[in-house]
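The values are calculated or read from the model by the stated rules, or taken from the named source; none is laboratory data. Please read these numbers as outputs of a predicted model, since none were measured by experiment. Note that we place each Cβ from the backbone using ideal geometry, even for glycine, and neighbour counts take in every protein chain shown.
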Amino acid sequence: MVGIHSVHRRMAELTLKARAIGGYHMLSPLEKRELEHCLKVNFDLVSNLDSLKSVAFVAYTTGDAEWHQELCAKIEQIEAKLI
């Protein structure tokens, strides 16, 4: 099962509305702020996961199994919240 985080769902809803009304510039000020918030949350999620995955790769390549497992557990915890 592929889950969709609520932030991604809301970005999709706002994009659908923007397409229907002629573009993002036609969204209300509140909707524009909401979209900006969603983009920030998305950036934070992606940035955090990318950082953890990069460090987990370092742990794996250096043979530090305990550190690697700790990082993988953190990654799985974050990804579970995305569903």
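Things worth noting here:
For (1) surrounded by 12 or more Cβ atoms within 10 Å (Cβ to Cβ); (2) modelled with pLDDT under 95, each residue gets a yes or a no:
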| position | (1), (2) |
| --- | --- |
| Val7 | yes, yes |
| Glu13 | yes, no |
| Val46 | no, yes |
| Lys74 | yes, no |
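- Region 42-73: number of residues that are in contact with a helix residue (DSSP H, G or I) (Cβ under 7 Å, 6 or more places away or on another chain) and more than 24 Å from Arg9 (Cβ to Cβ): 8
- Selection within region 48-72: residues that are of a type in the set (S, T, N, Q) and surrounded by 10 or more Cβ atoms within 10 Å (Cβ to Cβ). The member of this set that is nearest to His5 (Cα to Cα) is Asn48.
- Flag if Ser51 is within 13 Å of the chain's Cα centre (by Cα) and of a type in the set (S, T, N, Q): yes
- Cβ pairs under 6 Å, 6+ apart, first in region 20-38 and closer than 14 Å to Ser6 by Cα, second surrounded by 10 or more Cβ atoms within 10 Å (Cβ to Cβ): Leu35/Leu14; Cys38/Val7; Cys38/Arg10; Cys38/Met11
- Residue match in region 46-57 (condition: without any contact (Cβ under 8 Å) to a residue 24 or more places away in the chain, not aromatic (Phe, Trp, Tyr) and not in a helix (DSSP H, G or I)): no
- Every residue from region 1-45 that is hydrophobic (A, V, I, L, M, F, W, C), outside any helix (DSSP H, G or I) and under 13 Å from the mean Cα position of the chain (by Cα): Ile4
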